[in-house]
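*Asks:* Below: one structure in structure tokens.
The values are calculated or read from the model by the stated rules, or taken from the named source; none is laboratory data. Bear in mind the structure is a predicted one, so any value in this text is a computation, not a measurement. Using ideal geometry, Cβ is built from the backbone for each residue, glycine included, and neighbour counts are taken over all protein chains shown. Calculation scope for accessible area: heavy atoms of the full protein, side chains included, ligands and nucleic acids excluded. Shrake-Rupley method; radii C 1.70, N 1.55, O 1.52, S 1.80 Å.
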Amino acid sequence: MDIVLVALTGLLLGALLNLIIIRLPREQGFGGWTRCTRCGQPLAWWQVLPLIGWLTQGGRARCCGQRLDALYPLVDLITAATLVLLYLQHHLSISMLYGAAVAAVLIVTGAIDWQHRLIYTLPTLGATFAAVLVAFAIPHHSLLNALAGMVVAGVLFVIFYLLARVLFPAYRAPFGLGDVYLGMFIGAALGLTNLPGALLYGMLLAGAFSAILVILRRFGKRDTPQYISYGTFLCIGALMYLLIWGLAGARSLL
């Protein structure tokens, strides 16, 4: 019964995260009733239910018949699964609550970057400083670990940003300042001790996806995107690392 309640809570949290994912890039307020992302019509109550609303409509908006983005039920499922895994690892504790907060930032940031190739400065930096402020109270974390992770990730990602500007002077750089801020958040939230592993997961995922795109272009698929949403893969990698190892990290096996 506890797992069921946690999963339902995760679905409700996923619905809240989807609300942020939908409205923040469109510069809308968070008040008012939810509207269709395709035609703007107000939705019926059952349409806004997490996961069920999307499935009931068959992936198409009942009001206008247009296809709904599969990202939204995926966010519901990932959020519910994340909360269940965190609960199984930590039960109801400060470690679980902290992990859920970190995961929420990663899910929202990754989803928005996937859809819009955009990472917001103020929310990301705000989450970074919040992670630093509470780090002293989190098991297997510390203020020094958070500050060191933030600084090291910031320096490393600034180098990546400058290299991208040099290597792609005539195009929109595939690595932007938003990725720098995201790297700083990951460093602060997971700490310097976990930063290498978390970044490795994200980079491996980004490399594998890029290889798939190269293969598709080689076989003549002309609409294949030239760049990837790198921040999305950093978020997925950091979330995977958090759920597999936690803040104790892989060193806990030694």
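*Asks:* At 1.4 Å probe size, with every protein chain present, just tell me what the per residue accessible area of the chain comes to in Å².
*Replies:* So the chain comes to 53 Å² accessible per residue, rounded to a whole number.
*Asks:* Here's another thing I want to ask about it. Could you give each residue of segment 175-184 its phi-based ³J(HN,Hα) in whole Hz, using Karplus coefficients 6.51, -1.76, 1.60 with θ = phi - 60°, and x for Gly or Pro?
*Replies:* 10, x, 5, x, 5, 5, 5, 5, x, 5
*Asks:* Along segment 8-18, what does the Karplus equation 6.51 cos²θ - 1.76 cosθ + 1.60 (θ = phi - 60°) give for ³J(HN,Hα), rounded to whole Hz, x for Gly and Pro?
*Replies:* Values, residue by residue: 5, 4, x, 5, 5, 5, x, 5, 5, 5, 4 Hz.
*Asks:* Another question, if that's okay. Carbon and sulfur together cover what percent of the accessible area of the chain at a 1.4 Å probe radius?
*Replies:* Ligands and nucleic acids excluded, carbon and sulfur reach 71 percent.
*Asks:* Mind listing the phi-derived Karplus ³J(HN,Hα) values for segment 120-131, rounded to whole Hz, using 6.51, -1.76 and 1.60 with θ = phi - 60°, and x for any glycine or proline?
*Replies:* 6, 5, 5, x, 5, 5, x, 5, 4, 5, 5, 4
*Asks:* What FRET efficiency comes out for Leu162 versus Leu200 if R0 is 22 angstrom and r is the Cβ-Cβ distance? Round to the nearest 0.05.
*Replies:* 0.55
*Asks:* Another question, if that's okay. With the chain treated as a Gaussian network of Cα nodes joined by springs under 10 Å, which of Thr224, Thr37, Thr121 yields the largest mean-square fluctuation?
*Replies:* Thr224
*Asks:* Given just the C-alpha atoms of segment 1-124, how large is their convex hull per residue in cubic angstrom?
*Replies:* Dividing the Cα hull volume of segment 1-124 by its residue count gives 112 Å³.
*Asks:* Here is a follow-up. For a quick check: with amide H placed at 1.01 Å from N, whose amide H comes under 5 Å from Arg60's, ignoring anything fewer than 5 positions away on the same chain?
*Replies:* Leu68
*Asks:* Return the whole-Å distance between the Cα centroid of segment 109-141 and the Cα centroid of segment 44-68.
*Replies:* 30 Å
*Asks:* Given (i) 57; (ii) 35; (iii) 41, which label gives percent of Cα pairs over 29 Å apart as computed from the coordinates?
*Replies:* After the calculation, the listed value that fits is (ii).
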